[in-house]
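Student: Submitted below is the structure of interest, expressed as structure tokens.
The values are calculated or read from the model by the stated rules, or taken from the named source; none is laboratory data. No experiment lies behind these values; they were computed from the predicted model shown. Here the Cβ positions follow ideal geometry from the backbone for every residue, glycine too, while neighbour counts run over all protein chains shown.
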Amino acid sequence: MAHLGEKLLLLDTASLYFRAFYGVPDKVKAPDGSSVNAVRGLLDIVAKLVKLYEPTHIVACWDDDWRPQWRVDLIPSYKAHRVVEVVATGPDVEEVPDPLEAQLPLIREALTALGIPIVGVTEHEADDVIGTLATRATMPVDIVTGDRDLFQLVDDGRSIRVVYTARGMSNLEVVSDETVVKKYGVLPSQYADFATLRGDASDGLPGVAGVGDKTAATLLQAHGDLAQIRAAAAAGDGMSAGVRAKILASSAYLDVAPTVVEVASALDITPPTDAVRALDPAESDVAVALAQRWNLGSSMDRAIAALAR
């Protein structure tokens, strides 16, 4: 049962640490000369988000597998352009700059020092963790991401919003049902089908050849969902011969794509229940010592202060 004023903040952590890495100049180094710009930037992002949106609970959602094999088995091109090394026994290696890769253990350590739980699930992406935690939440949810795929979770009726970071941390966009309708002409509940139809080059999703945003939206407005679009195409009913031919020609792709595009919502996760709170003196000492050891400076101070509010 949710208590009045509760709110869950779900962080698409990789989306945010990539943004921090590319957005914060790599001028200030740790004493050993290693880069800490992504850590400092992420701590500043956390401090800003906590002050702006005042969550009572936070979870840092993690990519335990950024390109799950079960998605690749269905669509081999899925995120293929981002692979630098194929690993037979585990997740493929993503194209991550070495100075960022080296900071990931410290990012985890810093989040843990702040009392922010990190949740990942084997063979699943952070999106799937977010989908499951948002679906199960008993309180309003703000999902922080630069990934449009998560628009499918937006639901005004359940107070689930996306805080969209694509235009930068100083231009955050709160995405509601109305935002998605205005932007794409479809409801959030139709967004996964919309993405399936028009494709997404950034994820290596081919889409239906010759169907772009406008046609995808028009089809969904007319028929409701992908299953009904395919039924109409099979029956030769309610669409032009040209569009019908495109849908029918892509039937093998449309058989598998929805499973790839839809974020999981029923993973075996025990949602963390600890509320945001001020660090106790011993915890604060650990966080401050970590900041001193790695030269995280005022970024850690700001995060500690924000959580104490």
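Student: Within segment 210-239, count every residue that is part of a loop (DSSP other than H, G, I, E, B) and either under 28 Å from ASP128 (Cβ atoms) or in contact with a Leu (Cβ under 9 Å, 6 or more places away or on another chain) (or both). Give the steps one after another, and end with the answer.
Tutor: Looking only at segment 210-239, we keep the residues that are part of a loop (DSSP other than H, G, I, E, B), and these are 210-212, 224-225, 236-239.
Pick out the ones that are also either under 28 Å from ASP128 (Cβ atoms) or in contact with a Leu (Cβ under 9 Å, 6 or more places away or on another chain) (or both) and you get 211-212, 224-225, 239.
Summing the residues that are part of a loop (DSSP other than H, G, I, E, B) and either under 28 Å from ASP128 (Cβ atoms) or in contact with a Leu (Cβ under 9 Å, 6 or more places away or on another chain) (or both) in segment 210-239 gives 5.
Student: Name the pairs whose Cβ atoms lie under 8 Å apart, with the first residue in segment 11-24 and in a strand (DSSP E or B), the second acidic (Asp, Glu) and surrounded by fewer than 23 Cβ atoms within 10 Å (Cβ to Cβ), and 6 or more positions between them or separate chains?
Tutor: These pairs meet every condition: ASP12/ASP147.
Student: Related question: Considering (1) closer than 22 Å to ALA306 by Cα; (2) in a helix (DSSP H, G or I), say which one ALA60 fails and leave the rest.
Tutor: (2)
Student: Scan segment 300-308 and tell me whether some residue there is free of Cβ contacts under 8 Å to residues at least 60 places away in the same chain, touching a Lys or Arg at 6+ places or on another chain (Cβ under 6 Å) and outside any loop (DSSP other than H, G, I, E, B).
Tutor: From segment 300-308, those free of Cβ contacts under 8 Å to residues at least 60 places away in the same chain are 301, 308; that's our starting set.
Okay, now just the ones that are also touching a Lys or Arg at 6+ places or on another chain (Cβ under 6 Å), so none.
No, segment 300-308 contains no residue that is free of Cβ contacts under 8 Å to residues at least 60 places away in the same chain, touching a Lys or Arg at 6+ places or on another chain (Cβ under 6 Å) and outside any loop (DSSP other than H, G, I, E, B).
Student: Right, another one. Do we have THR165 as surrounded by fewer than 22 Cβ atoms within 10 Å (Cβ to Cβ) and of a type in the set (Val, Ile, Thr) here? Even if it seems obvious, please write down each step before you answer.
Tutor: Numbers: surrounded by fewer than 22 Cβ atoms within 10 Å (Cβ to Cβ): yes; of a type in the set (Val, Ile, Thr): yes.
Criteria met by THR165.
Student: Go over the candidates ASP237, ASP213 one by one and state the one that is of a type in the set (Asp, Glu), loosely packed, with under 14 Cβ neighbours inside 10 Å and not assigned by TED's automatic domain parsing to the domain that holds VAL181.
Tutor: ASP237
Student: Now a separate question. In the set TYR53, TYR22, which member is at pLDDT 95 or above, surrounded by fewer than 20 Cβ atoms within 10 Å (Cβ to Cβ) and in the same structural domain as ILE143 (by TED's automatic domain parsing)?
Tutor: Numbers: TYR22 fails: at pLDDT 95 or above.
Sole residue among the options that is at pLDDT 95 or above, surrounded by fewer than 20 Cβ atoms within 10 Å (Cβ to Cβ) and in the same structural domain as ILE143 (by TED's automatic domain parsing): TYR53.
Student: With free of Cβ contacts under 8 Å to residues at least 24 places away in the same chain, more than 28 Å from the chain's Cα centre (by Cα) and not assigned by TED's automatic domain parsing to the domain that holds ALA60 as the only criterion, which of ALA201, ALA249, ALA231 stands out? First the steps, then the outcome.
Tutor: Numbers: ALA201 fails: more than 28 Å from the chain's Cα centre (by Cα); ALA249 fails: free of Cβ contacts under 8 Å to residues at least 24 places away in the same chain.
Going through ALA201, ALA249, ALA231 in turn, the sole match is ALA231.
Student: Among strands (runs of 3 or more DSSP E) lying entirely in segment 87-194, which contain 1 or more residues that are closer than 23 Å to VAL261 by Cα and free of Cβ contacts under 8 Å to residues at least 12 places away in the same chain?
Tutor: On the way: elements: 141-145, 160-164, 173-175.
Here the list reads 173-175.
Student: Next question, about the same structure. Given ASP32, ASP63, ASP44, which one is farther than 15 Å from LEU9 by Cβ and without any contact (Cβ under 8 Å) to a residue 12 or more places away in the chain?
Tutor: Values: ASP63 fails: without any contact (Cβ under 8 Å) to a residue 12 or more places away in the chain; ASP44 fails: without any contact (Cβ under 8 Å) to a residue 12 or more places away in the chain.
Unique residue meeting the criteria: ASP32.
Student: Given the condition surrounded by fewer than 21 Cβ atoms within 10 Å (Cβ to Cβ), in contact with an Asp or Glu (Cβ under 9 Å, 6 or more places away or on another chain) and charged (D, E, K, R), answer yes or no: does some residue in segment 1-16 qualify?
Tutor: yes
Student: Return the residue satisfying two criteria in turn: it lies in segment 120-140 and is β-branched (Val, Ile, Thr) and over 13 Å from the mean Cα position of the chain (by Cα), and of such residues it is farthest from ARG161 (Cα to Cα).
Tutor: Narrowing segment 120-140 to residues β-branched (Val, Ile, Thr): 121-122, 129-130, 132, 135, 138.
Applying the additional criterion that residues be over 13 Å from the mean Cα position of the chain (by Cα) yields 121-122, 135, 138.
Numbers: VAL121: 23, THR122: 26, THR135: 12, THR138: 14 Å.
Among them, the one singled out is THR122.
Student: Determine if segment 279-290 includes at least one residue that is assigned to a loop (DSSP other than H, G, I, E, B), among the hydrophobic types (A, V, I, L, M, F, W, C) and more than 24 Å from the chain's Cα centre (by Cα).
Tutor: Initial filter on segment 279-290 (assigned to a loop (DSSP other than H, G, I, E, B)): 279-280.
This time we only want the ones that are among the hydrophobic types (A, V, I, L, M, F, W, C), so: 279.
Next cut, more than 24 Å from the chain's Cα centre (by Cα) only: 279.
Yes; the residues of segment 279-290 include at least one that is assigned to a loop (DSSP other than H, G, I, E, B), among the hydrophobic types (A, V, I, L, M, F, W, C) and more than 24 Å from the chain's Cα centre (by Cα).
Conditions (1) buried (at least 17 other Cβ atoms within 10 Å of the Cβ); (2) at pLDDT below 95; (3) hydroxyl-bearing (Ser, Thr, Tyr), marked per residue:
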{"position": "GLY90", "(1), (2), (3)": "no, yes, no"}
{"position": "GLU94", "(1), (2), (3)": "no, yes, no"}
{"position": "PRO105", "(1), (2), (3)": "no, no, no"}
{"position": "ASP128", "(1), (2), (3)": "yes, no, no"}
{"position": "THR132", "(1), (2), (3)": "yes, no, yes"}
{"position": "ALA137", "(1), (2), (3)": "yes, no, no"}
{"position": "PHE151", "(1), (2), (3)": "yes, no, no"}
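Student: Among GLY224, GLY236, GLY242, GLY212, which is the only one that is modelled with pLDDT under 95 and of a type in the set (Gly, Ala, Ser)? Step through it out loud before you land on a result.
Tutor: Details: GLY224 fails: modelled with pLDDT under 95; GLY242 fails: modelled with pLDDT under 95; GLY212 fails: modelled with pLDDT under 95.
Matching residue, one of GLY224, GLY236, GLY242, GLY212: GLY236.
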